[in-house]
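Just below is one structure, and these are the notes that go with it.
Every number here is computed from the coordinates shown, using simple stated rules; none is lab data. Remember, predicted model here, so these are calculated numbers, not experimental data. When we count neighbours, we look across all protein chains shown, and the Cβ atoms used for this are built from the backbone with ideal geometry, even at glycine.
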Amino acid sequence: MKAVLEKSRAKSTGAKKAKLVKSELAFKGKVFNVYRDTVIEPGGHKNVREVIRHNGSVVILAVDESVNPADPDIILERQYRHAAGQFLFELPAGRVEPGESTLAAAKREMIEETGYRAKKWKLLVKYFASPGFLGEWMQIYLAREIREGVAKPELDEQIQVLRVPLSKAMQMIADQQIHDGKTLIGLSLYDAARRAGRL
């Protein structure tokens, strides 16, 4: 049904995909590469677009419903982000390694960053982080029935792990204390799904 709607919408608007003429590697980095793509836009205009290519990331929304199912604890992290120039509250996350499944990456990242493990996993959403120039998929997994363990952060990771009731996390959003996009999306979707009885 979704495919039919998208096909119908594209036909009615005359929408077409851009045609790739040439793609050149402009920068090769440790985490991502930048390509300079020459494309013919749907309207026929020739354009050059610089695109960041990334292997993709996973985000973990780990919840503990064992103590208070009505207001479960959420596992958050507080860490300094150089690009943002400040400390941020975030859901645990990390990149997917080449050849690694997204679920395996989510399990690995949660252990590395927080030490927690989970028995139940569910994909909440898959989205593009910033599709204007970044070709990175981000996938948010809901992790339930969690248990504590020993974290194994990388040498450059200085992470403070926090347990925060969902109600407090949503209040932090309302008070503009959470500025990280993936965390805003994950918490908002989870809270809405609970209120609607979908979880």
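How would you classify region 48-199 from its alpha-carbon gyration tensor, with a ≥ b ≥ c the square roots of the eigenvalues: rounded for a/c under 1.5, else prolate if a/b is greater than b/c, otherwise oblate?
Rounded, because the longest to shortest axis ratio a/c is under 1.5.
Would you mind putting 152-164, 58-70 in packing order, based on average other-beta-carbon counts within 10 Å, highest first?
Output ranking for 152-164, 58-70: 58-70, 152-164.
How long is the gain from residue 148 to residue 134 if the chain were fully straight, where each residue apart is worth 0.36 nm and the alpha carbon distance is subtracted?
Extra length from residue 148 to residue 134 when fully extended: 1.6 nm.
What distance in nm lies between label points placed 7 Å from Cα along the C-beta direction at residue 23 and residue 70?
Going by the 7 Å Cα→Cβ label model, 5.3 nm.
Starting from the Cα of residue 97, move 7 Å in the Cα-to-Cβ direction to define the label point; list residues of region 109-128 whose amide nitrogen is under 19 Å from there.
Under cut-off, by backbone N: 109-118.
Could I get the Rg over Rh figure for region 135-196? Both from C-alpha atoms, Rh via Kirkwood, rounded to two places.
0.99
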